[in-house]
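Take a look at the structure set out below.
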Amino acid sequence: MTFLCIGAFLFTSSMLMNVTYGLMTGIGTIDRLKKKATNTMSQSDEEPIALKDVFGIAGFHTWPFPIDPVFDDYDRVMGYSTPQRLVREQQFMEQAAGVCMPVGQQGAGGGLPSSKWNDSHPL
């Protein structure tokens, strides 16, 4: 039993140190191994990873709990954006641009900007 506990402790501590090193240097395990193999470790320009990119912006009290974190910029943290989100943002920007335009420049009819809501539902 003692042997199993020592093995579990060594494994857990090595994993925690690996994650800590990755957060402090900004280099993942595979990238670090590649840089060591090609002897280019000194040429790395990665920045440390901010804790808000790992745990979110909800607060310190939520960090130990297994909940979905809330990020201020989800696409930047994940490194990609879904097409549905891009379409929603584009529609939002088009609506915001139509609301902010002067009355004389709001399109041919001078009314609301064209969208699926305005075209299918008369005012």
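The values are calculated or read from the model by the stated rules, or taken from the named source; none is laboratory data. Just so we're clear, the structure is a prediction, and the values are computed from it rather than from any experiment. In this analysis, Cβ positions are derived from the backbone assuming ideal geometry, glycine residues included, and neighbour counts consider all displayed protein chains. The accessibility values were calculated without ligands, DNA or RNA, using every heavy atom of the protein model including side chains. Shrake-Rupley method; radii C 1.70, N 1.55, O 1.52, S 1.80 Å.
Inside segment 32-47, residues that are open to solvent by less than 80 Å² (accessible area, probe 1.4 Å) and within 18 Å of V77 (Cβ to Cβ) make up a count of 1.
Only one of the numbered conditions (1) open to solvent by 100 Å² or more (accessible area, probe 1.4 Å); (2) under 20 Å from the mean Cα position of the chain (by Cα) is not met by L51, and that is (1). Residue-level check: of (1) in a helix (DSSP H, G or I); (2) open to solvent by less than 60 Å² (accessible area, probe 1.4 Å); (3) at pLDDT 85 or above, D75 misses just (3). Each residue in segment 1-27 was checked for being surrounded by 10 or more Cβ atoms within 10 Å (Cβ to Cβ) and either at pLDDT below 85 or farther than 28 Å from M78 by Cβ (or both), and 7 of them qualify.
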